[in-house]
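Notes to accompany the following structure.
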Amino acid sequence: MLQFTLLLLITSLSLMPAWLAQAQPEQELTEEQFLSAVQILTDGSDTTIEADLETLEYLEQQALYFDDAARRKLNRIKCWYLHHLEPAQVNVFTETQIAEAQQAQDRVAEADFINCQAAYDFYFGDPDKALGKIEQAYAIAQQINDRRLIADMMAARGEINSYRGDLAIALRDLLRAQSIYDALDLPYYSAYNLSIIANTYRRMKAYGDALEHYARLHELYSDALNRASLMEIKLYQSIIYQDMGQLDTAQQLAKSVYDFYQQQEDPDGISFASTYLGSIHNDMGDYQTGLVYIRQSIALSDNPDLDPQLNQFYLGQALNGLNELDQASVALANAEASFKRENNLRFLSLLHQEKALLYAKQKLWQQAFDEQKRYTDSLVELTEKQDEQHSARLRIEFNLQRTQDENDHLKQQQALKNAELQALAEASKWQFVTVALASALLVVIAIAGVRLWLHARRMQRLALTDPLTMLPNRRHIEEVGLQMLDKCVQNKHDCSLLVMDIDHFKTINDSYGHEVGDQVLKILAQTAKAAIRHQDVIGRTGGEEFIALMPQTSSKQASLVAERIRRDIDNLDLSYLATTLSVTTSIGVAQHNASHESLNELTCRADQALYQAKEQGRNRVVVADR
């Protein structure tokens with residue numbers, strides 16, 4: 001057993017080829033040159049992984065001539081290049097290095113190795129264990145007051161929390177780490193952390209902020225030697241466009257990344273791109289193509305059993321779409337096990353929705369109902385969590401801005417004080433002091449003007465939102481509707497409009513009270529929003545009435561979406577609000593007739609169809625005649 005452990009240690013500690021182990025190389029570097037080369041690797045540079053590995057191999061040969069402290073600095077770099085090893089081998093290496101650092105009382109190395117070990121725990125699928133180790137390393141970094149290490153731990157913690165869905169907590173750590181990396185002038189780490197911030201904004205559905213950050217990263221990496229970083233940015237941009245419903249743009253970006261890795265004959269890159277290409281084709285309804293890409297990703301993965309959740313979910317989604325129900329059930333079960341282990345609420349919600357559809361196809365109605373209820377419950381929880389995270393995000397950004405403003409204010413005060421002291425000492429410089437004070441006043445006025453402008457923009461957004469349901473209000477929906485009709489006429493596309501009204505809503509208010517009525521409105525709003533497509537917009541126009549705008553959609557397609565909304569609402573279990581409470585809705589559908597038909601006329605035709613639905617007994621969808 002001891003021999004096996006030593007063999008693992010020797011294997012993990014050496015990147016040198018066999019002939020180098022037999023012939024000891026000559027010393028070619030001084031200690032100063034060696035440490036300088038190690039520092040360059042530590043700080044990161046515009047090189048490829050292959051070039052870094054060659055440099056690392058050479059430095060390992062030279063490390064034989066230097067003391068333990070110098071070799072430990074090199075091993076801190078080497079620790080991040082062990083992805084080709086098995087988990088047990090990585091653990092032997094990191095545990096050995098941590099023990100040696102502790103014995104040498106090298107707290108910086110100890111914290112760095114613990115952080116590296118946490119990264120592999122996360123890579124091998126145990127984020128909870130990784131977070132525990134990061135907290136341990138963070139405590140050491142604070143004790144020794146090492147700003148670089150503190151930033152590293154906050155960035156690592158932020159990346160894991162972002163992946164788990166704790167987005168506001170993640171954003172706070174990532175933004176603080178970013179400020180430290182920028183202050184320490186570490187462009188490599190600053191750029192990488194910036195990509196995690198952009199991805200966190202994407203998960204928050206703050207797509208504008210995410211795309212803005214990725215555009216900045218695209219400029220930074222456009223001329224870089226390491227093209228893999230640029231490809232990763234393009235792939236994440238494609239995910240944003242997928243979330244926004246712009247599937248053609250998403251597919252084109254992801255396909256360009258896939259083609260790049262095909263040309264490079266990079267199996268890891270192909271596997272990475274195939275996963276998201278498969279997901280996009282699934283969203284397009286092209287399940288056969290999606291299945292091909294997902295299976296290719298699984299086949300090329302180095303460790304298909306370590307982190308299967310995304311590929312298994314997309315595999316189950318494609319198989320479900322192709323009615324391969326037994327295989328789909330197995331894949332979704334594998335994904336569910338991983339999502340539950342990581343407590344990934346975002347993907348668990350999507351999985352419940354997919355399983356409800358699967359059970360419905362199998363005519364297992366009770367299981368379908370149970371999964372639909374889990375989906376609804378998780379959707380409500382996600383919505384509440386997103387609202388909390390959105391509020392927390394605003395607080396974090398406000399506090400960071402306030403801190404920056406306070407720092408700027410202190411700098412201004414100090415500048416004014418220095419100017420005053422200088423003026424007292426040298427009367428001849430009064431004119432300079434006057435100019436400086438005037439400039440400071442202009443800066444203060446400019447800052448106040450910018451703040452007023454930002455406040456006005458926030459007020460404008462609030463004016464376009466219904467405060468109860470957080471959906472667009474009548475004014476906003478009318479503005480979007482006019483834009484939709486203009487685009488449809490200009491591009492000669494179909495477009496449709498839904499008018500939805502809650503049946504017997506007055507009775508609900510009278511019987512259960514307005515507080516329950518408000519809860520019903522909020523739940524139905526979120527249910528309807530979840531049932532529509534990415535490109536659709538739904539808003540509350542007053543009371544219990546809602547309007548959904550559906551660009552590039554015929555009345556037949558719109559009626560299918562309307563029926564999904566009606567069915568999802570009819571299936572809601574609201575017994576937790578009131579034992580006998582149930583809710584249905586009636587929906588009128590109208591397709592835009594011709595270029596001369598106004599939004600008001602289109603809405604009137606949908607209203608007439610809604611009245612017909614009411615007259616025919618409610619809880620139904622009626623399509624208006626064209």
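The values are calculated or read from the model by the stated rules, or taken from the named source; none is laboratory data. Since the structure is predicted, the reported quantities are computational estimates derived from the model, not experimental observations. When we count neighbours, we look across all protein chains shown, and the Cβ atoms used for this are built from the backbone with ideal geometry, even at glycine. Accessible surface is based on the protein model in full, side chains and every heavy atom, while ligands, DNA and RNA are left aside. Shrake-Rupley method; radii C 1.70, N 1.55, O 1.52, S 1.80 Å.
Can you compute the charge dipole magnitude of the stretch 68-199 about its Cα centre, using +1 on each Lys and Arg Cβ and -1 on each Asp and Glu Cβ, nothing else charged? Give it in debye, rounded to the nearest 20.
Using only the charged Cβ atoms, the result is roughly 220 debye.
Counting Lys +1, Arg +1, Asp -1, Glu -1, what net charge surrounds His534 among other residues with beta carbon under 15 Å of its beta carbon?
Every neighbour counted, the sum reads +1.
If you take the Cα Rg of the stretch 518-626 and divide it by 2.2 N^0.38 Å, with N the number of residues, what do you get?
Computed over Cα atoms of the stretch 518-626, the ratio equals 1.08.
Assign unit charges at the C-beta atoms only (+1 for Lys and Arg, -1 for Asp and Glu), then state the dipole size of the stretch 187-258 relative to its Cα centre in Debye, rounded to the nearest 20.
160 debye
When the solvent-accessible surface of protein heavy atoms is calculated with a 1.4 angstrom probe, in what order do Val489, Val38 fall, highest first?
Descending accessible area places them as Val489, Val38.
How big is the accessible area of Met484 in square angstrom, nearest 10, if you roll a 1.4 angstrom probe over the protein chains?
10 Å²
Taking the solvent-accessible surface of protein heavy atoms with a 1.4 Å probe, what is the per residue accessible area of the stretch 146-192 in Å²?
Spelled out: the 1.4 Å probe surface of the stretch 146-192, per residue, equals 37 Å².
Give me the net charge for the shell around Ser496: Cβ to Cβ below 10 angstrom, other residues only, Lys and Arg +1, Asp and Glu -1.
Combined, the nearby Lys, Arg, Asp and Glu give -1.
Divide the volume of the convex hull of the Cα atoms of the stretch 464-525 by its number of residues and quote the answer in cubic angstrom per residue.
Taking the convex hull of the Cα positions in the stretch 464-525, it is 89 Å³ per residue.
In terms of solvent-accessible area of protein heavy atoms at a 1.4 angstrom probe, what is the ranking of His596, His534, His281, His213, highest value first?
Result, largest first: His596, His534, His213, His281.
Amide H of Thr541: which non-local residues (sequence gap of 5 or more, or other chain) have their own amide H closer than 5 Å, using H built in the peptide plane?
The list, which skips near neighbours in sequence, is Phe546, Ile547.
Considering every Cα-Cα pair within the stretch 325-376, what fraction, in whole percent, is farther apart than 18 Å?
Looking at the stretch 325-376, the distances longer than 18 Å represent 26 percent of pairs.
Please list the three semi-axes, largest first and in whole Å, of the ellipsoid equivalent to the stretch 61-169, using sqrt of 5 times the eigenvalues of its alpha carbon gyration tensor.
24, 17, 11
Within straight cross-link reach of Lys340, meaning Cα distance under 28 Å, which lysines are found once same-chain residues fewer than 8 apart are removed?
Those lysines meeting the cut-off are Lys129, Lys133, Lys205, Lys355, Lys361, Lys363, Lys373, Lys385, Lys522, Lys529.
Quantify how much of the Cα-Cα distance distribution of the stretch 508-570 extends past 14 Å, in percent.
Result: 60 percent of Cα pairs exceed 14 Å.
With only Lys, Arg, Asp and Glu charged, each at its Cβ (+1 for the first two, -1 for the last two), find how big the charge dipole of the stretch 478-549 is about the Cα centre; round to the nearest 20 debye.
320 debye
Over 23 Å, how big is the tail of the calculated P(r) for the stretch 105-254, in percent of all Cα pairs?
Everything past 23 Å amounts to 39 percent.
From the phi of every residue in the stretch 612-626, what ³J(HN,Hα) in whole Hz does the Karplus formula 6.51 cos²θ - 1.76 cosθ + 1.60 yield, where θ is phi - 60° and glycine or proline is x?
After applying 6.51 cos²θ - 1.76 cosθ + 1.60, I find 5, 4, 4, 5, 7, x, 6, 6, 7, 10, 10, 9, 6, 5, 7 Hz.
Compute the Kirkwood hydrodynamic radius of the stretch 86-137, taking the inverse of the mean of 1/r over all pairs of distinct Cα atoms, and give it in Å to one decimal.
10.8 Å
Express the carbon and sulfur contribution to the solvent-accessible surface of the stretch 519-626 as a percent, rounded to the nearest whole number, probe 1.4 angstrom.
The C+S portion of the solvent-accessible surface of the stretch 519-626 is 43 percent.
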